[in-house]
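Notes follow the structure.
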Amino acid sequence: MSAHLLILPILLPLLAGAVLLLFSGARLAWKRPLNLIACVLLLGVTLALLIKAAGGETQVYVLGDWAPPFGIVLVLDRFSALLLVVTAVLAVPVTLAMSAGTDRSGQNFHALLQFQLMGLNGAFLTGDLFNLFVFFEVLLIASYALLVFGGGRARVAASMHYVFLNLVGSAVFIIAVGLLYGLTGTLNMADMAQRLATLPAEDVALARAAGLLLLLVFAMKAALLPLGMWLPAAYASAAAPIAALFAIMSKVGIYAIFRVHGLLFGDHAGALAGLGQTLIGWLALGTLVLGVCGMLGARSLRSLLAWQVMVSVGTLLAGWSLGTAAAWQGALFYLVHSTWLTAAMFLVAGVVVSRRGIAEDGFMISQRIASPAVGLAFLAGAVALIGLPPLSGFVGKALLLQAAGTAEALFWILLLVAGLAALLAFTRAGSTLFWRGEPATPRSSAVPMPMAPVWMLLPLSLLLVLAGDPVLTYLEATAEALKTPQALIDAVLGARAGGS
Amino acid sequence: MEALMAVCIGVLTACGVYLMLRARTFPVVMGLMLLGYAVNLFLFAMGRLATEAPAVIGRAESHADPLPQALVLTAIVIGFAMTAYVVILVIRARKTLNHDYVDDRVNERAHGAPEKSQGTRS
């Protein structure tokens, strides 16, 4: 049984989603608990997988007993287990927040959430490049429907950009996968890594083109500079809990860059080593600057947070392009922190929207939120996202800066200035929303938004700091394994049918 | 055959990109479909082009690579689903936005500020 635990993060949401879709006419009073139970079960499964992966051994699940490299394999190492847990942790508060009434504004939210989780988990687990494409499509089509959930002008307009861009991205993805298959004759990423390292010289140029196309697609999903302009409008217009779930969506692109680039174009890849790494580094710094400008110019809290997502993408990929194991450790810490905290702040924004009358979360002097609990949550979330001590954002940034060393002056300057600008932006937002105007009276038509989901996510920031030692040990091992993927390659290719 | 295939893929891609750059919803959907065809043909060609080589063992001297054929099938199915979704989205957008530009701001510049957004239930 424990051998089959590995496929449960895909099967469980698939089953729950299918059941929820089958009884789509059922009352929400049935669907909400079912969805919540499925999310809690998923969290349990992923935590079990995390403990399993923390042992250090790479687990391989051979689907249909087709021995690698011929069939599709699922691979669980520390990195994928970490991302599974990060996602599952988000699912529970998002479900709770939506269940307070926002799920009435459209249809089938609960089924869509489960399919979204299935796509995400599949993308994190798969060891096959084409299968990665398929799971990307699963998570994308669920996200298309979730983004436009509830309707309205801004959502439909933003959703159209998102859908068209991602469809073009999917086409480019297939071209890149096709090219790599044509060159290496395999789709198994571990096998492909070995074959790319010993590619004949005349094929190297074609492989570079394919690799750059692949990076192009991932950079678009991650919202890197020239390709990321869809993100602010999309995240700012989505329903707040859905935007909270989408905090993990841009991280999927970053996961794919870490995983695919680390395997196929890492240090061992011969002529292809370090493909596009410097370019992405510069673009990431550009994204950071743009995100900061967006934060300063934002006119609503959700818009501010959407730009904050771009800042975190820039920070993460700039850290990635430094290329050392220490920088990757810091980037991974920052990834976990920024995903959870951005989600928590989007949930706070949801509460603000529901309580502040027609001004919603706009930065205009209208009504103030008088509740100290919401104010405290905003303060804690802002402190963490800005990167002030004692919360997790500080640790993440300190790790990244320490890893960069004094040689990377531009990285230091931009990251510190970004922190200052974030401080300004959040201060302005907080003083407008919580101090100015008369006490808020919610509209009678406003959908209530509970604070409980926020309190499930915010303490995780403190937990990341208090449990710093085991967390950093785990992340250090993860970063080391990503830098030297030979153990993973051996584990995948060594997995024999029936034996795993 | 290689030249014919290459020209086909090239023409389809060029038409697809041209239509997508029209930036109005119907041409963009058509462009996406053409690009999808081009990509599927390309993926198919990655298994190398051969005649009289079935993808079944034991029926002929030489065999075609069956994997790209399976991949193309998958890509076609996904393409169908995505096209169906995007068509519905575009119809919905036409109704909600009252125009068929991909970029809502085009309309804003031409006709002043957009009317107050209305949340419609699906």
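The values are calculated or read from the model by the stated rules, or taken from the named source; none is laboratory data. Nothing here was measured: the structure is a model prediction, and the numbers come from that model. Glycine gets a Cβ as well: all are built from the backbone with ideal geometry, and neighbour counts include every protein chain shown. Just the protein is used for accessible areas: all its heavy atoms, side chains included, with ligands, DNA and RNA removed. Shrake-Rupley method; radii C 1.70, N 1.55, O 1.52, S 1.80 Å.
Translational diffusion of segment A:92-219 was estimated from the Stokes-Einstein equation, with Rh taken as the Kirkwood radius over Cα pairs; at 37 °C and 0.692 mPa s the coefficient is 198 µm²/s.
Toward the positive end of the charge dipole of chain A, with +1 on the Cβ of Lys and Arg and -1 on the Cβ of Asp and Glu, the farthest Cα among A:38, A:56, A:300 is that of A:300.
Taking a straight line from the alpha carbon of residue A:483, not one of the lysines sits under 16 Å away once near neighbours fewer than eight places off in the same chain are left out.
Helices in the protein assembly as shown, meaning DSSP H runs of at least 4 residues, each add -39500 (n - 2.57). Divided by all residues, the mean residue ellipticity at 222 nm is -23500 deg cm²/dmol. For segment A:278-349 versus segment B:1-44, the spacing of their alpha-carbon centroids is 35 Å.
Across segment A:430-471, the residues whose backbone nitrogen lies under 16 Å from the label position 7 Å along the beta-carbon direction of residue A:104 are A:443-450.
Projecting label points 7 angstrom from Cα along Cα→Cβ for residue A:486 and residue B:70 puts them 3.1 nm apart.
All C-alpha to C-alpha distances of segment A:10-73, sorted into 5 Å bins beginning at zero, yield P(r) values of 4, 14, 16, 15, 16, 14, 10, 7, 3, 0 percent in whole numbers. One Cα centroid belongs to segment A:383-452, the other to segment A:115-176; the line between them spans 28 Å. Pick out, from B:81, B:70, B:46, the residue whose Cα sits farthest towards the positive end of the charge dipole of segment B:40-106, with +1 on the Cβ of Lys and Arg and -1 on the Cβ of Asp and Glu. Farthest towards the positive pole: B:81. Placing unit charges on the Cβ atoms only, positive for Lys and Arg and negative for Asp and Glu, gives the protein assembly as shown a dipole magnitude near 2240 debye about its Cα centre. If the cut-off is a Cα-Cα distance under 22 Å, which lysines reach residue A:221, setting aside same-chain residues fewer than 8 apart in sequence? Cross-link targets: A:251.
Taking only alpha carbon atoms, segment A:342-398 gives an Rg to Rh ratio of 1.05, where Rh is the Kirkwood radius. A dipole drawn for the protein assembly as shown from +1 and -1 charges on Cβ atoms has a positive end, and of A:350, A:248, A:440 the residue lying farthest that way is A:440.
Calculated accessible area for segment A:6-164 comes out at 31 Å² per residue, all protein chains present (probe 1.4 Å; ligands, DNA, RNA ignored). The packing ranking, built from the mean of other Cβ atoms within 10 Å per residue, places the peptides B:51-63, A:283-295 in the order A:283-295, B:51-63, highest first. The contact between chain B and chain A removes approximately 3100 Å² from the accessible area (both sides summed; 1.4 Å probe; ligands, DNA and RNA excluded). If you look at the Cα atoms of chain B, you get an Rg and a Dmax of 20.4, 69 Å. Working note: Cα gyration tensor of segment A:276-484, eigenvalues times five, square-rooted, sorted largest first, giving semi-axes of 33, 18, 13 Å.
Taken along its principal axes, the alpha carbon cloud of chain A reaches lengths of 71, 57, 42 Å, longest axis first.
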